[in-house]
Amino acid sequence: MNGIELRDAVRVVPRSGSEPPALDLVDDIEGVRAQLSTSRRVRPARCPSAQFRFPVDVAYELSPLAIWTNQSNPVLVQGDDGLVCAELAKHEHASLSARQHTVDIASLGLKVYLRVEGEIEISHTDERGRIIDCRGAETVQLGLRSFHDAPAATVTTTDQPRDVMRALSCLGSALKTTSCERSFPTLRGHPPLFERGECFQAATDLERTKETASVRIEVPPTLETIYPVAPLAYYLNAVVIPGESPRLVAGDSTIPLDRGEGLEHGVARLLKHVFTLDCITRTEGLYQLPLGERTALEERLSDTIAIDFATLHERSLAKQVQEYLSVPFDLIEDLVPRWPVTADVRPVGNYLPYLPFVVASLGTIRCLPMSCPWSPPSDSPEIEAFYRAADHATSCEDETRSGTGEPLVRSGSPTRSSENSFDSARSSVIHSPPSSESIAQLWLADGYPMQGTKPILSAFERRFDQVTATEYEVAVISNDVRMEAESDVAELYGQREQMDFEVTIREQLSCADLRELFAEEYDLVHYVGHVDADGLQCEDGWLDACTLETVNTRMFVLNGCRSYEQGKALVERGAVSGLCTLANIGNTPATQIGRTVARLLNGGFSLSGVLDIISEDFLTGQQYMIVGDPSRAVVKRHDGTSILAEITSASDGDEFLVDIHGHPTIRSPVGMLYAPAIDEETFYLNSGHMTTVTASRSEIKEYLHHDRFPVRINGSFMWSDVVSLDSIE
């Protein structure tokens, strides 16, 4: 995207006729729209962006005014010398004297800076949220930057191991810095894309070499040993070269990569080790914020293991790696954020183009063995248990739903399924991946994974498409009157303030109507109805998604039996991602899952976060999987991170323990910070278990009403707006 297009895509638009006056901050690249209320009506005028300390895509001159965000946004203020003048969490206030300041307003969905010459009063109220009063200033400028980051180049490579090593040696070219600040996702950059060709081709400045790289990775020249080191090569800006045994060389230190549980485990552990300590060390840099993980580590350090983070921050990448690895991993293991992605890959050339997308998420890679069966056969214990669970869930269906005394399932009749060999799902196309603790698990091999994601390359490539930020458009399709209970999910979409939704309910669609609907540009289509080998049930027959020419719907939920093949067809024809099923599902549990999925998507969870939660909290949830890009979310949360809280009673009956878990998204990847509303003095890394807070009854009540989010209480899944503290044991 060139500069002219970027200036048009990221912009400020005065909201016409609003009261109080407001400015819409629009990012059409990411499909984000935020709002700032203002004390007076203003006409923003474009101005040069070079005056800002931080890079911005577009800048505007404003009249001196007060603005407020209507949310509890953290704010960081720096002087023109780069020193931090104020760090304000949710309810803190500050008065800043007349000088030049840069105000960084967090959690708005895009980077928002105010460049102010003069006095500033920063406060917070429940009604207006964060208030930044610049009415006493001489000048006020507003700068915006999109979080969007497209790859700057494409590398062509053959499938030959030595060429693939050279391709991996280009990944680090995307890093915007080699300091520990690259642990911020906005400073990593999307790695170059890979395409297969007859010879290796890359721009000369992309490839790292033994002469230019301070870190090198040596592995035997086989795809099985090369693929797993891709994320490490990217994050460490390393060159990858052939070697007799897997090892990492940083300066004068050599670290074996295949100790303990083998190469894949060793690489993943080293990546997590370095990344976590980078996140802690960077607190000595531009953003000197209180980080919970640093506090926890410093409490564990002894005289024999001392870390001078200020000195460490100034060291070179190779020196930092050396010092990091002198800290035992056991000392930081529980501080490592929950990893976002694990990819199980068949080490063949077909999957080379997928690697940059796995690497962009810092995903770890495991190779499925080539010399032996790399996936359970159809009659394996895992697969049989999977189908027994599905059959049990169906048999437990509320039989009164069908009106026939038979459980109502979301596929066609048994005769129809039999005639079309629809039960072939018990064949080898369904696989049980090795266990993983990551949020998302990708299956880059033949077939479909249980509780995982089947990626499609074209879906990953659609990350870079421009999306117009107007309002979220959702269509709920109900094509069976017996399943109309789930159509009330339409009421669940759009239950968020300051987000514009247009929700359409369509019932009893014909094949032609449904075909036409998928061609429209909906953000989400939620389909409720039967799915069969012939396709999606319509009023006048079955629509096979394989017959569609174009799909413009971005995301979908196909809440019918064994919908994975229809979902794959939708993604192959233009969709980005969707939630599908691998087995028969009964109507009652499917309705429960459908409502939960709607609320999670409405809360800003990515599809991988949705699948992670429903797989753990619902038996039927284990029958679902994702096709396409699992990192995509329907709603772009302004604070970026979706949360789940677990609440238990403390020993004192008037106090409670709150465990807060974060789920990153494509717009707020691992490495971002999150300040929980109930612990606003401290920031945490945004993925997995962040902290445990002890809170009083009144504090819990305030926290639960701060936002609408999922909660686990006594092992039961519910929502914060319906929690009764009396039910907590």
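The values are calculated or read from the model by the stated rules, or taken from the named source; none is laboratory data. Computed from a prediction, not measured in an experiment: that's the story for all the values here. Please note: Cβ atoms are built from the backbone with ideal geometry, for glycine as well, and neighbour counts cover all protein chains shown.
Can we say residue 608 is small (Gly, Ala, Ser), surrounded by fewer than 24 Cβ atoms within 10 Å (Cβ to Cβ), in contact (Cβ under 8 Å) with a residue 24 or more places away in the chain and within 27 Å of residue 446 (Cβ to Cβ)?
So residue 608 does not fit the description; no.
Go through region 446-463 and give me each residue that's aromatic (Phe, Trp, Tyr) and in contact with a strand residue (DSSP E or B) (Cβ under 6 Å, 6 or more places away or on another chain).
448, the sole residue that qualifies.
Looking at 636, 701, which is the one that is out of contact with any Phe, Trp or Tyr (no Cβ under 7 Å at 6 or more places or on another chain), of a type in the set (D, E, K, R) and closer than 30 Å to residue 444 by Cβ?
636
Filter region 498-513 down to residues that are at positive phi and either among the aliphatic types (A, V, I, L, M) or modelled with pLDDT under 90 (or both), then give me how many there are.
So the answer is 1.
When you scan region 484-497, how many residues do you find that are crowded, with 17+ Cβ neighbours inside 10 Å and at pLDDT 75 or above?
So the count comes out to 4.
Being closer than 18 Å to residue 442 by Cα and surrounded by fewer than 23 Cβ atoms within 10 Å (Cβ to Cβ) narrows it down to one residue among 615, 631; which is it?
615
Among the residues of region 39-65, what is the count of those that are within 20 Å of residue 123 (Cβ to Cβ) and surrounded by 20 or more Cβ atoms within 10 Å (Cβ to Cβ)?
1
Out of (1) in a loop (DSSP other than H, G, I, E, B); (2) out of contact with any helix residue (DSSP H, G or I) (no Cβ under 6 Å at 6 or more places or on another chain); (3) surrounded by 14 or more Cβ atoms within 10 Å (Cβ to Cβ), what's the single condition that is false for residue 708?
Result: residue 708 passes all but (2).
Exactly one of these conditions fails for residue 211: (1) without any contact (Cβ under 8 Å) to a residue 24 or more places away in the chain; (2) in contact with a Leu (Cβ under 7 Å, 6 or more places away or on another chain); (3) not hydrophobic (A, V, I, L, M, F, W, C). Give me its number.
Of everything listed in (1) without any contact (Cβ under 8 Å) to a residue 24 or more places away in the chain; (2) in contact with a Leu (Cβ under 7 Å, 6 or more places away or on another chain); (3) not hydrophobic (A, V, I, L, M, F, W, C), residue 211 misses just condition (2).
With buried (at least 18 other Cβ atoms within 10 Å of the Cβ), of a type in the set (Val, Ile, Thr) and touching a residue at least 40 places away in the same chain (Cβ under 8 Å) as the only criterion, which of 528, 551 stands out?
Testing whether each residue is buried (at least 18 other Cβ atoms within 10 Å of the Cβ), of a type in the set (Val, Ile, Thr) and touching a residue at least 40 places away in the same chain (Cβ under 8 Å) leaves just 528.
Report, by residue number, each residue of region 523-575 that is out of contact with any strand residue (DSSP E or B) (no Cβ under 8 Å at 6 or more places or on another chain), within 26 Å of residue 620 (Cα to Cα) and not in a loop (DSSP other than H, G, I, E, B).
If the condition is that a residue be out of contact with any strand residue (DSSP E or B) (no Cβ under 8 Å at 6 or more places or on another chain), within 26 Å of residue 620 (Cα to Cα) and not in a loop (DSSP other than H, G, I, E, B), then 538, 565, 569 are the ones that fit.
Could we say that residue 446 is at pLDDT 90 or above and at negative phi here?
Spelling it out, residue 446 is indeed at pLDDT 90 or above and at negative phi.
State yes or no: is residue 217 touching a Gly at 6+ places or on another chain (Cβ under 9 Å) and not small (Gly, Ala, Ser)?
The answer is yes for residue 217.
Residue 592 is checked against (1) touching a Leu at 6+ places or on another chain (Cβ under 9 Å); (2) over 27 Å from residue 678 (Cα atoms); (3) not aliphatic (A, V, I, L, M) and fails just one. What number does that condition carry?
Going through the list (1) touching a Leu at 6+ places or on another chain (Cβ under 9 Å); (2) over 27 Å from residue 678 (Cα atoms); (3) not aliphatic (A, V, I, L, M), residue 592 breaks only (1).
Here's a check for you: in region 135-148, which residue that is among the small types (Gly, Ala, Ser) and not in a strand (DSSP E or B) is farthest from residue 191 (Cα to Cα)?
136
Just need a number here: residues in region 577-591 that are at pLDDT 90 or above, more than 17 Å from residue 523 (Cα to Cα) and in a strand (DSSP E or B).
1
If a residue counts only when it is hydrophobic (A, V, I, L, M, F, W, C), surrounded by 21 or more Cβ atoms within 10 Å (Cβ to Cβ) and out of contact with any Gly (no Cβ under 6 Å at 6 or more places or on another chain), which strands (runs of 3 or more DSSP E) contained entirely in region 80-134 have at least 2 such residues?
Output list reads 94-105, 111-125.
I'm trying to understand the selection: among the residues of region 336-350, which are surrounded by 21 or more Cβ atoms within 10 Å (Cβ to Cβ), of a type outside the set (Val, Ile, Thr) and not in a loop (DSSP other than H, G, I, E, B)?
Of everything in region 336-350, those that are surrounded by 21 or more Cβ atoms within 10 Å (Cβ to Cβ), of a type outside the set (Val, Ile, Thr) and not in a loop (DSSP other than H, G, I, E, B) turn out to be 343, 344.
Just to be sure I understand, how many residues within region 281-315 are within 30 Å of the chain's Cα centre (by Cα) and of a type in the set (Gly, Ala, Ser)?
Final tally of qualifying residues: 3.
Please go through (1) touching a strand residue (DSSP E or B) at 6+ places or on another chain (Cβ under 9 Å); (2) more than 30 Å from residue 149 (Cα to Cα); (3) outside any loop (DSSP other than H, G, I, E, B) for residue 679 and return the number of the only condition it doesn't satisfy.
For residue 679, the failing item is (3).
Table: residues versus (1) of a type outside the set (A, V, I, L, M, F, W, C); (2) at positive phi; (3) over 22 Å from the mean Cα position of the chain (by Cα); (4) at pLDDT below 95.
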| site | (1), (2), (3), (4) |
| --- | --- |
| 515 | yes, no, yes, no |
| 519 | no, no, yes, no |
| 531 | no, no, yes, yes |
| 536 | no, no, yes, no |
| 544 | yes, no, yes, no |
| 558 | no, no, no, no |
| 572 | yes, no, no, no |
| 575 | no, no, no, no |
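Would you pick out the residues in region 608-656 that are closer than 19 Å to residue 570 by Cα, touching a Ser or Thr at 6+ places or on another chain (Cβ under 8 Å) and in a loop (DSSP other than H, G, I, E, B)?
The answer is 629, 630, 631, 632.
Just to be sure, is residue 227 in contact with a strand residue (DSSP E or B) (Cβ under 9 Å, 6 or more places away or on another chain) and either buried (at least 24 other Cβ atoms within 10 Å of the Cβ) or outside any loop (DSSP other than H, G, I, E, B) (or both)?
The answer is yes for residue 227.
Looking at (1) touching a Pro at 6+ places or on another chain (Cβ under 7 Å); (2) of a type outside the set (A, V, I, L, M, F, W, C); (3) closer than 30 Å to residue 218 by Cα, which one does residue 107 not meet, given that it meets all the others?
The number of the failed condition is (3).
Within region 642-673, work out how many residues are at pLDDT below 90 and crowded, with 23+ Cβ neighbours inside 10 Å.
The number of residues fulfilling the criteria is 3.
Give me a count of the residues in region 319-335 that are free of Cβ contacts under 8 Å to residues at least 40 places away in the same chain and either assigned to a strand (DSSP E or B) or in contact with a helix residue (DSSP H, G or I) (Cβ under 9 Å, 6 or more places away or on another chain) (or both).
Residues that pass the stated criteria total 4.
Looking only at region 30-40, count every residue that is in contact with a strand residue (DSSP E or B) (Cβ under 7 Å, 6 or more places away or on another chain) and at pLDDT below 95 and tell me the total.
3
Limited to region 592-607, what total is found for residues that are assigned to a helix (DSSP H, G or I), of a type in the set (Ser, Thr, Tyr) and touching a His at 6+ places or on another chain (Cβ under 9 Å)?
Matching residues across region 592-607 total 0.
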